[in-house]
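Have a look at the structure below, then the notes.
Read the figures in this text as sums done on the coordinates, not as results from a lab. From a predicted model like this one, the values you see are computed outputs, not experimental measurements. Cβ coordinates were reconstructed from backbone atoms using ideal geometry, including for glycine residues, and neighbour counts include every protein chain displayed.
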Amino acid sequence: MNSSETGTQDVGAETPAVVFRHASARWGNRVIWEDVNAEVGRGEFVAILGPNGVGKSTLVKAVLGLFPLSSGEVLVFGEEPGEANPRIGYLPQRRHFDPGVRIRGIDVVRLGFDGDSWGFPLPGLSRFSRRHRDADARVRAVIEMVGATGYAGRPIGQISGGEQQRLLIAQALVREPDLLILDEPLDSLDLPNQAAAAALLASVSKEAGVTILMVAHNVNPILSYLDRVIYLAKGGVASGTPEEVITQETLTRLYGTPIEVFRTSDGHLVVVGQPEAPHGDVHAHMVRQ
Amino acid sequence: MTANPPFTWNLIEDVRQLFEFPFMVNALRAGTLVAIVASLIGWFMVLRRQTFAGHTLAVVSFPGASAAILLGVSATYGYFAFAIGAALVFAVLSPAGVARSRTEESAIVGTVQAFALASGFLFISLSHRNITGAQSLLFGSFLGITTTQVAVLAASTALVLAILGFIARPLLFASVDPDVANARGVPVRLLSVVFLLLLGIAAAEASQITGSLLIFALLVLPAATAERLTSRPGMSAVLTVLIALVVTWLSLALSYYNNYPIGFHVTSLAFGAYVLARAARVVTGRLGTAGVVQ
């Protein structure tokens, strides 16, 4: 695709949510990644995969305009990164609220709605102002949607990691963003919570038409929902559908070491031999075909 | 202070008497202003885990005040100049402001605090003041507050409240959730500098009533107490101010009648409120009331 076809002013419905063209990032003299070419279509559920330390978080920060590219470009809804941030919901890499934080979950979600406006809300304003009633209703609705109503009134430092994560997803969704960017949202959740959060995100993506760009270290819980993957490794970058990218040839080239991809009898893909696994442990990725 | 009228159980008469002396009226005015500003700034300070920085800004106002006395100018100028100066130093030296480099921040802050205390004692001894002078700077005094001082306190309180009112919501966002706030375009770094300056002003104000060392009585205790009682931000901020006001007024009245140091009264009443709030929490927890235990 050449740049004259998709000019930066094109913000129509057909513009992809995110486009990387020959994008490179450096930290001082060190190249983090270079020549990334990838596209995230509207409404897709896309994962950025790869071992630790290859710059997955940097990639999403570039989309948010928080990390400048050294060359190439990234366009978000056809605009420069940063310009489109009001349309983006962002959930940064795992952050804990320690037990001493005595702010309710509902307040944290509310801050996602209007925390960036100056001044302070007068108590009891929602009784008189329609705008405040609507805001209250929106906050309650999004908390209901993620299934966090039962504990949204408790101090956020006092609830479990999985419950905190649901409220943070609600916070990222509260302004009805077109693009939801999540940085390792499943990390540090236990297995049932990982599956539940992945299913929640998939249903949000399908029902509300939200594009999801998600950094993941462990691909298993989400792989069955993914439309596309962007795979980052020391040896380069590959993007495409999971079936295209998660192959013996591509992964071997990316990692610079032999990787084997097997298909199990029930149709799963299993990836064996990724070098980021500590002490030679086998690290497996599976995909349902 | 020998002519203190005795305390009677006719409370209305007692309160009327309190207001008869201009020095008491000034003390009540100053105490009220300080209670409001210190407790509100303290509420954010507790949330932001910057109590150590707050304490140090208050300790820094001690050499400020003693240097002012040494130079023969009003101690008020010394309080403000040193506390604001130190706040600027912290802002420059610890760029992250909140959370990120907390160990480094506490090392810087601790270094400044030790030097400030030492300098304060040097200035006191250079100005040949007796130990009482140092004592009232460190542990507080409500005697001899001039009308000019009250005017300065009123002006600085108005300034701090106006700025705080303007930045309150983004500051809360940046304190609770800096990464998301940053992505939403909230100027997190600038807010943390502005907050340190407000904290410096509040510490300078409160030092003039509770003394530099007992600053936590108004800066930390009301916020920590309110936090025990509710986790609704608005409610808890209002409670914080109410607790600080009641504690300050009661302390002034007590000091008036029994002549014990004001710093002791403010601290012990605020501490008492905190212990009561914790105890109440434990009791309601035991009874299993509502889903808000702990």
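Taking the square roots of five times each eigenvalue of the Cα gyration tensor of the protein assembly as shown, the equivalent ellipsoid has semi-axes of 56, 26, 21 Å, listed largest first.
Among A:22-33, A:207-218, the peptide with the highest mean count of other Cβ atoms within 10 Å heads the list, and the full ranking is A:207-218, A:22-33.
Phi angles across region B:189-206 convert, under the Karplus curve 6.51 cos²θ - 1.76 cosθ + 1.60 with θ = phi - 60°, into 3J(HN,Hα) values of 5, 5, 4, 6, 5, 4, 5, 4, 5, 4, 5, x, 5, 4, 5, 4, 5, 5 Hz, Gly and Pro given as x. Take the Cα radius of gyration of region A:18-245 and divide it by 2.2 N^0.38 Å, N being the number of residues; the result is 1.05.
Take each residue of peptide B:223-232, count the partner chain Cβ atoms within 10 Å of its Cβ, and average: the result is 3. Max-minus-min Cα coordinates of region A:154-263 on each principal axis give 50, 28, 25 Å, with the largest extent listed first. Of the peptides B:147-156, B:199-208, the ranking by mean beta-carbon count within 10 Å, highest at the top, reads B:199-208, B:147-156. Once you sort the root eigenvalues of the Cα gyration tensor of region B:121-210 as a ≥ b ≥ c, which label holds: rounded (a/c under 1.5), prolate (a/b larger than b/c) or oblate (the other case)? Cα axes put region B:121-210 in the prolate bin. With the cut-off at 1.5 for a/c, could you classify chain B from its C-alpha gyration tensor as rounded, prolate or oblate? Note, shape of chain B comes out oblate. Working note: Karplus 6.51/-1.76/1.60 with θ = phi - 60° gives region A:132-148 the couplings 6, 5, 5, 4, 4, 5, 4, 4, 5, 5, 6, 5, 4, 4, 8, x, 10 Hz, where Gly and Pro are set to x.
Shielding by partners for peptide B:74-83, expressed as the average number of C-beta atoms from other protein chains within 10 Å of each residue's C-beta, is 0. What separates the Cα centres of region B:151-197 and region A:204-242 is a distance of 38 Å. From the alpha carbon centroid of region A:38-57 to that of region A:119-186 is 26 Å.
Amide H contacts of A:R228 (H built 1.01 Å from N, in plane; Pro and chain starts excluded): A:F45, A:A47 sit under 5 Å, all sequence-distant by 5 or more or on other chains. Scaled against 2.2 N^0.38 Å for its residue count N, the alpha carbon radius of gyration of region B:176-294 is 1.28. Sorting the segments B:111-121, A:150-160 by their residues' average number of neighbouring beta-carbon atoms within 10 angstrom, most packed first, yields A:150-160, B:111-121.
Across peptide B:171-179, the average count of Cβ atoms from other chains found within 10 Å of a residue's Cβ is 6. Adding -39500 (n - 2.57) for every DSSP H run of four residues or longer, then dividing by how many residues chain B holds, sets the calculated 222 nm ellipticity at -26500 deg cm²/dmol.
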